[in-house]
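The next block holds one structure in the form of structure tokens; read it before the comments.
The values are calculated or read from the model by the stated rules, or taken from the named source; none is laboratory data. As the structure is a computational prediction, the values presented were derived from the model and not from experiment. Positions of Cβ are generated from backbone atoms using ideal geometry, with glycine treated the same way; all protein chains shown enter the neighbour counts.
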Amino acid sequence: MTELGAVFRPQLPPERLRALARLADETGLDELWLWEDCFREGGISTAAAALAWTERVRVGVGLLPVPLRNVAVTAMEAASLHRMFPGRAILGVGHGVQDWMGQVGARVESPVTLLREHLLALRALLSGERITTEGRYVMLDDVALDWPPQAPVEVLAGATGPRTLRLSGEAADGTILTAATPPEGVRRARQLVDEGRKSADRTDPHRIVVYLLTATGPDAPARLRAELTAEGLASVPDLGVAGDAATVAAAVRRLGEAGADSVILQPTADEPDPEGFLRFTAREVRPLVP
């Protein structure tokens with residue numbers, strides 16, 4: 001079964017989140033995803049609020065930029081969410097947008113090295129281990145969480161390039177792919193992730209999450225085309241979807257057949273009716289996706 005979710009985009013003011021999170025919960029949406037985009041909204045604060053306002057929907061953060069975060073802080077915040085809301089928090093980490101990292105003085109010379117060190121330390125801490133490590137970027141001296149999660153939890157990594165995709169397979173429990181990933185890109189990402197898993201002798205499950213840029217309504221094709229053009233992606237074939245529930249569900253199924261476990265519908269930045277988009281996802285598209 002392909003999990004289906006939707007994004008609360010940080011172009012919306014944070015005070016809109018409460019109503020939309022509750023609507024996601026009430027309509028039976030599988031997952032609601034949030035972004036920690038500079039310089040809009042914090043990932044952990046919005047996730048905690050969304051989880052507290054809801055009862056059943058899973059809340060994902062995709063993703064937390066590791067250059068902004070000491071791994072011990074990431075672990076403490078993640079563990080707190082997992083203990084307060086068991087089984088409902090999904091956290092991903094990644095490089096972050098390098099221009100944004102440069103704006104705040106956090107850009108590093110080797111983003112892949114930093115992500116590797118962060119992932120390894122974060123997964124160890126969340127597993128209840130006490131660790132000492134002195135890496136290029138991550139340094140911990142006899143650190144353990146007093147309140148680690150009470151059950152195993154996933155740590156996902158955002159990835160686009162081949163090196164990071166292989167690293168995700170090696171050192172993460174799942175991979176988040178951007179909306180710039182068509183079905184063929186999902187297949188290729190799965191292959192690269194599997195190469196990383198093989199190199200680390202990993203046989204545990206590895207979830208692939210992919211965003212799907214989606215527009216519906218009478219002006220849907222124009223809004224989708226405008227956003228793809230603005231992002232420099234207009235020439236990429238089979239990217240994004242515009243249309244009714246059947247059309248969107250068919251695009252979700254193609255991503256699922258390519259290897260995605262979760263497909264998260266990403267509205268355009270100028271979506272005129274965010275509440276309507278959530279209802280459309282949960283009530284019209286979800287029944288058409290096996």
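Against the definition (surrounded by fewer than 22 Cβ atoms within 10 Å (Cβ to Cβ), among the small types (Gly, Ala, Ser) and under 19 Å from residue 5 (Cα atoms)), how does residue 232 come out, yes or no? The answer is no for residue 232. Out of 238, 204, I need the residue that is more than 29 Å from residue 116 (Cβ to Cβ), charged (D, E, K, R) and assigned to a loop (DSSP other than H, G, I, E, B). Which one? Every option except 238 fails the conditions.
Residue-wise test of (1) over 19 Å from the mean Cα position of the chain (by Cα); (2) part of a loop (DSSP other than H, G, I, E, B); (3) at pLDDT 95 or above.
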{"residue": "257", "(1), (2), (3)": "yes, no, yes"}
{"residue": "260", "(1), (2), (3)": "no, yes, yes"}
{"residue": "266", "(1), (2), (3)": "no, no, yes"}
{"residue": "275", "(1), (2), (3)": "yes, no, yes"}
{"residue": "283", "(1), (2), (3)": "yes, no, yes"}
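Can you give me the number of residues within the stretch 175-197 that are over 18 Å from residue 252 (Cβ atoms) and in contact (Cβ under 8 Å) with a residue 24 or more places away in the chain? Total satisfying the criteria: 6.
Counting only helices (runs of 4 or more DSSP H) that sit wholly inside the stretch 1-111, those with at least 1 residues that are closer than 30 Å to residue 147 by Cα and aromatic (Phe, Trp, Tyr) are 43-53.
A quick yes/no check of all residues on (1) assigned to a strand (DSSP E or B); (2) surrounded by fewer than 17 Cβ atoms within 10 Å (Cβ to Cβ):
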residue: 120; (1), (2): no, no
residue: 137; (1), (2): no, no
residue: 142; (1), (2): yes, yes
residue: 152; (1), (2): no, yes
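Residue 218 falls short on exactly one of the conditions (1) at pLDDT 95 or above; (2) in a loop (DSSP other than H, G, I, E, B); (3) surrounded by fewer than 16 Cβ atoms within 10 Å (Cβ to Cβ), and that condition is (1).
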